[in-house]
Amino acid sequence: MKQVNYKTIFNDIFLELKPIEKKGAPASYIPELCNVDPDKLGIHLSNVDGEHFYQGDSEERFSIQSISKVFSLALAIRVIGQKLWTRVGVEPSGSAFNSLVQLEHEEGIPRNPFINAGAIVVCDVLITYLQDPKQELLDFIRKVADNPALQYKQSVAESEMMTGDRNKALIYLMRDFGNIHNDVEQVLDLYFYLCSIEMNCRELARSFMFLATHGMDQSSGEMIVSPSQAKRINTVMQLCGFYDEAGEFSFKVGLPGKSGVGGGIVALHPGKYTVAVWSPRLNGKGNSYMGMKVLELLTTKTEDSIF
Ligand code: DON
């Protein structure tokens, strides 16, 4: 593997982006997410050989929000395999993560598992098949992160339950089309729990490592998902991980990735590395403004993407 001096590259990137560090604003539609210093910036890259490179606020935990939807997807695939794709699609939506418009036209089948509607359906599936969905989901996340200390944040989950009218509209619309099989309150409770998981950049990079190693856990060697399932999850990330900005992220960064409205982004280079960035100020599409730029500069300066 080509030796890359990530430390120097991170230094250069942080310096280069200084002039735009105040662009964008943290998500305000979830009040709890505003209780964070908007100027935080951290990055952690872990390679498949177990080396680590980091800079800035990479050890501070934050709300990973929609990044968690990759874990719920992986768990649902483990539990019901191919059958999942009768309930949710694999196409980019081209619309906002919380849009209602497409769902009406497409009769309650969400375009993909990463828009809010899709992740809500995945939560509904987990409730059908798991005995203790919240605990089993948290256990799964702790397992892929190799970290039994990970937790969700109750105040964030509650804040979303209070203000989540759009998610409530999405779930009722899907229930009307027959694509929600369990109690609406229970499904939303699991969905908000999932979104309120907290991690720092190092923990996030570790928890996505199985997707950079063809489904295998880096320390135990256990298969978390099969190589084919890992391929599919990465493909859905590439196509849908940034909602109506998925094309832009692919175009500029050239890696599969997933964002969250807490300002986190995880991306990975299969066979090489995972990288997590955190900067809470978001752009108009709900993705981290600086996070996108940091990753664009990373793959540009290293001249290394999947393309
Ligand atoms: O349901 C919501 O709106 C949030 N809990 C998650 C949205 C999100 O993270 C979109 N990502 N950029």
In this structure, is Glu245 open to solvent by 20 Å² or more (accessible area, probe 1.4 Å) and farther than 26 Å from Arg111 by Cα? no
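Check every one of the strands (runs of 3 or more DSSP E) wholly within segment 238-281 and list those with 2 or more residues that are without any contact (Cβ under 8 Å) to a residue 60 or more places away in the chain and away from the ligand (no atom under 13 Å from the Cβ).
The strands (runs of 3 or more DSSP E) meeting that bar are 264-269.
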Quick one: what pairs do we get from segment 177-194, first residue on the phi > 0 side of the Ramachandran plot, second of a type in the set (Gly, Ala, Ser), C-beta under 8 Å, 6+ apart or different chains? Gly178/Gly108
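Would you pick out the residues in segment 200-223 that are aliphatic (A, V, I, L, M) and farther than 18 Å from Ala276 by Cβ?
Of the residues in segment 200-223, the ones aliphatic (A, V, I, L, M) are 204-205, 209, 211-212, 216, 223.
Passing the criteria: Met216, Met223.
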Residue list for segment 153-195, filter: within 12 Å of the ligand (Cβ to nearest atom) and of a type in the set (Ser, Thr, Tyr): Ser159, Thr163, Tyr191, Tyr193
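Given the condition within 16 Å of the ligand (Cβ to nearest atom), among the hydrophobic types (A, V, I, L, M, F, W, C), touching a Ser or Thr at 6+ places or on another chain (Cβ under 8 Å) and within 24 Å of Tyr273 (Cα to Cα), answer yes or no: does some residue in segment 129-149 qualify?
Step one: filter segment 129-149 for residues within 16 Å of the ligand (Cβ to nearest atom), giving 134, 137, 141.
When the remaining residues are screened for being among the hydrophobic types (A, V, I, L, M, F, W, C), the result is 137, 141.
Add one more test, that the residue is touching a Ser or Thr at 6+ places or on another chain (Cβ under 8 Å), and what stays is 137, 141.
Within this subset, residues satisfying the condition of being within 24 Å of Tyr273 (Cα to Cα) are 141.
Yes; the residues of segment 129-149 include at least one that is within 16 Å of the ligand (Cβ to nearest atom), among the hydrophobic types (A, V, I, L, M, F, W, C), touching a Ser or Thr at 6+ places or on another chain (Cβ under 8 Å) and within 24 Å of Tyr273 (Cα to Cα).
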Considering residues of segment 209-235 that are within 18 Å of Ala119 (Cβ to Cβ) and in contact with a helix residue (DSSP H, G or I) (Cβ under 7 Å, 6 or more places away or on another chain) only, the residue surrounded by the most Cβ atoms within 10 Å (Cβ to Cβ): Leu211
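For residues in segment 21-45 being assigned to a helix (DSSP H, G or I) and open to solvent by 40 Å² or more (accessible area, probe 1.4 Å), which is nearest to Asp165 (Cα to Cα)? Reasoning before the result, please.
Within segment 21-45, the first condition is being assigned to a helix (DSSP H, G or I), and the residues that meet it are 31-34.
Okay, now just the ones that are also open to solvent by 40 Å² or more (accessible area, probe 1.4 Å), so 31-32, 34.
Values: Pro31: 13, Glu32: 16, Cys34: 18 Å.
Applying the filter and picking the extreme gives Pro31.
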Run down Phe114, Phe53 and say which single residue is at pLDDT 95 or above, within 16 Å of the ligand (Cβ to nearest atom), among the aromatic types (Phe, Trp, Tyr) and surrounded by 18 or more Cβ atoms within 10 Å (Cβ to Cβ). Phe114
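Only one of Glu296, Glu303 is of a type in the set (Asp, Glu), part of a loop (DSSP other than H, G, I, E, B), modelled with pLDDT of 95 or more and away from the ligand (no atom under 12 Å from the Cβ); which?
Working: Glu296 fails: part of a loop (DSSP other than H, G, I, E, B).
That would be Glu303, the only listed residue that is of a type in the set (Asp, Glu), part of a loop (DSSP other than H, G, I, E, B), modelled with pLDDT of 95 or more and away from the ligand (no atom under 12 Å from the Cβ).
Taking the conditions exactly as written (in a helix (DSSP H, G or I) and surrounded by fewer than 24 Cβ atoms within 10 Å (Cβ to Cβ)), does Ala205 satisfy them or not? Can you show your working first?
Numbers: in a helix (DSSP H, G or I): yes; surrounded by fewer than 24 Cβ atoms within 10 Å (Cβ to Cβ): no.
So Ala205 does not fit the description; no.
If I ask for residues that are of a type in the set (Val, Ile, Thr) and not in a helix (DSSP H, G or I), which ones from segment 63-89 would you list? Can you show your working first?
In the first step, residues of segment 63-89 are kept if they are of a type in the set (Val, Ile, Thr); the result is 64, 67, 70, 77, 79-80, 86, 88.
Answer for segment 63-89, where residues must be of a type in the set (Val, Ile, Thr) and not in a helix (DSSP H, G or I): Ile64, Val88.
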Select from segment 254-307 the residues that are open to solvent by 10 Å² or more (accessible area, probe 1.4 Å) and of a type in the set (D, E, K, R) and write down the one among them that is nearest to the chain's Cα centre (by Cα). Lys285
Taking segment 148-178, which residues are farther than 20 Å from Ser66 by Cβ and either part of a loop (DSSP other than H, G, I, E, B) or open to solvent by less than 40 Å² (accessible area, probe 1.4 Å) (or both)? Pro148, Ala149, Phe177, Gly178
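The values are calculated or read from the model by the stated rules, or taken from the named source; none is laboratory data. Since we're looking at a predicted model, the values are computed, not measured. When we count neighbours, we look across all protein chains shown, and the Cβ atoms used for this are built from the backbone with ideal geometry, even at glycine. These area figures cover heavy atoms from the full protein model, side chains too; ligands, DNA and RNA do not enter into them. Shrake-Rupley method; radii C 1.70, N 1.55, O 1.52, S 1.80 Å.
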